[in-house]
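Data block below; observations after.
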Number of protein chains: 4
Amino acid sequence: MHVIVDFTVVPVGTGVSLSRYIAVCEQVLEARGLTHQLHANGTNVEGEWDEVFAAIRDCHERLHQMGVPRIHTDIKLGTRIDREQHMTDKVASVQKKLADR
Amino acid sequence: MHVIVDFTVVPVGTGVSLSRYIAVCEQVLEARGLTHQLHANGTNVEGEWDEVFAAIRDCHERLHQMGVPRIHTDIKLGTRIDREQHMTDKVASVQKKLADR
Amino acid sequence: MHVIVDFTVVPVGTGVSLSRYIAVCEQVLEARGLTHQLHANGTNVEGEWDEVFAAIRDCHERLHQMGVPRIHTDIKLGTRIDREQHMTDKVASVQKKLADR
Amino acid sequence: MHVIVDFTVVPVGTGVSLSRYIAVCEQVLEARGLTHQLHANGTNVEGEWDEVFAAIRDCHERLHQMGVPRIHTDIKLGTRIDREQHMTDKVASVQKKLADR
């Protein structure tokens, strides 16, 4: 099952600067060959369900190995069976509606 | 890796009444023997990472089989390595702080 | 506009133990007279849109005053115009579906 | 209080195609002069707390006026008092960490 995901990893108990942890998660996605896009409040990623969630688990494991004691993560995800859809389609579809007005 | 999760399944394109779909997801969790607790805006569940996410995937698959064309799901999750924690501990810990005031 | 909300406040950069901060937010909701219910991964609250979001802002302000440098918060919310609904209705509706099976 | 927000509006009970509703919300943000950025799973926006949440409420009201019976929305937000931060800073900070490796 194909899934489009947005996730935000929030390391807790390790200071206010979180970007180096986010960078580790970006590298996990890159190493696993998943299509992904960083944005200001999270990362979009798409792929097969099991591969995407294994990547997020891997991210958690690496951060804990780096000494992060606690991690809070948010995930928003979508699946659909009416048609195939990719991340780029979603932005393009809204932009087309805006251009048509 | 143990994980405590809150998730909300939002079937899209299938009418405004969603409770029968939520009930199917509750049954999935029950059948899989995962500790879970329904609340007004989602369901709390805890267990091993792979088991919890397999259950949520199973829920998506069943709803799609029932004809739901599109599903949006939110997940909030926590992992920690500083100590063992369960769902009931989290509520009890806040309630103790409130009682101590 | 009536809104049913689930929110989770995650103080960042202030240690791994967060329950005393959650307790402060519970007191804010209580003092403002909003219907609310703590659960393992957040708090459900309902009321008028502006009142609910003013309460969450108040919670942020108090935690910052306590010295929390950074706060990440998740909110899930629902509004509907087809019928009136309250938090207790949502749980009861799913439980009825489960009982009918 | 300055806030950086990511939000996703999910109209329920109105078909599977949601992009025209997302476009309305983009126009609300634009009309209100808020800094915003659409991505594959939501929209990032920043500004004063009350202005940002008034904009999201406005989006809900407009969609209900268009006939959407029910709306589920996710919001992730961050506030901080240790330093000023904007949306573009957050992406740049992670990218710098990636470039330094």
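The values are calculated or read from the model by the stated rules, or taken from the named source; none is laboratory data. Every value quoted in this text rests on a predicted model; they were computed, and no experiment measured them. Methodologically, a virtual Cβ is constructed for each residue, glycine included, from the backbone with ideal geometry; neighbour enumeration extends over all protein chains shown.
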Which one of A:Leu29, A:Leu34, A:Leu63 is over 29 Å from D:Val3 (Cβ atoms) and either polar (S, T, N, Q) or in contact with a strand residue (DSSP E or B) (Cβ under 8 Å, 6 or more places away or on another chain) (or both)? A:Leu34
Go through the range A:47-65 and give me each residue that's closer than 19 Å to B:Asp74 by Cβ and at the interface with another protein chain (Cβ under 8 Å from one of its Cβ atoms). A:Trp49, A:Phe53, A:Arg57, A:His60
Of the residues in the range B:34-58, those that are closer than 26 Å to C:His36 by Cβ and assigned to a loop (DSSP other than H, G, I, E, B) come to B:Ala40, B:Asn41
List the number of the failed condition for D:Asp82; all other conditions in (1) more than 8 Å from chain A (Cβ to nearest Cβ); (2) assigned to a loop (DSSP other than H, G, I, E, B) hold. (1)
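Residues B:Val9, B:Val68, B:Val5: which one is more than 8 Å from chain C (Cβ to nearest Cβ), in contact with a helix residue (DSSP H, G or I) (Cβ under 6 Å, 6 or more places away or on another chain) and in contact (Cβ under 8 Å) with a residue 12 or more places away in the chain?
Details: B:Val68 fails: in contact with a helix residue (DSSP H, G or I) (Cβ under 6 Å, 6 or more places away or on another chain); B:Val5 fails: more than 8 Å from chain C (Cβ to nearest Cβ).
Selected residue: B:Val9, the only one of B:Val9, B:Val68, B:Val5 that is more than 8 Å from chain C (Cβ to nearest Cβ), in contact with a helix residue (DSSP H, G or I) (Cβ under 6 Å, 6 or more places away or on another chain) and in contact (Cβ under 8 Å) with a residue 12 or more places away in the chain.
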Flag if A:Ala99 is modelled with pLDDT of 95 or more, surrounded by fewer than 22 Cβ atoms within 10 Å (Cβ to Cβ), of a type in the set (A, V, I, L, M, F, W, C) and more than 18 Å from D:Val9 (Cα to Cα): no
Would you say C:Val24 is closer than 30 Å to A:His64 by Cα and touching a helix residue (DSSP H, G or I) at 6+ places or on another chain (Cβ under 8 Å)? yes
Go through the range A:12-41 residue by residue and tally those that are more than 8 Å from every other protein chain (Cβ to nearest Cβ), of a type in the set (A, V, I, L, M, F, W, C) and closer than 30 Å to B:Arg83 by Cβ. 4
When you scan the range D:86-101, how many residues do you find that are touching a helix residue (DSSP H, G or I) at 6+ places or on another chain (Cβ under 9 Å) and hydroxyl-bearing (Ser, Thr, Tyr)? 1
Show the residue pairs that are 6+ apart or on different chains and have beta-carbon atoms under 9 Å apart, the first residue being within the range D:14-36 and at positive phi, the second being part of a helix (DSSP H, G or I) and at pLDDT 95 or above. D:Gly33/D:Glu51
Collect the residues in the range B:12-33 that are part of a helix (DSSP H, G or I) and basic (Lys, Arg), keeping them in residue-number order. B:Arg20
Of all residues in the range D:36-50, which are more than 18 Å from A:Arg101 (Cβ to Cβ) and surrounded by 15 or more Cβ atoms within 10 Å (Cβ to Cβ)? D:Gln37, D:His39, D:Ala40, D:Asn41, D:Gly42, D:Asn44, D:Val45, D:Glu46, D:Gly47, D:Trp49
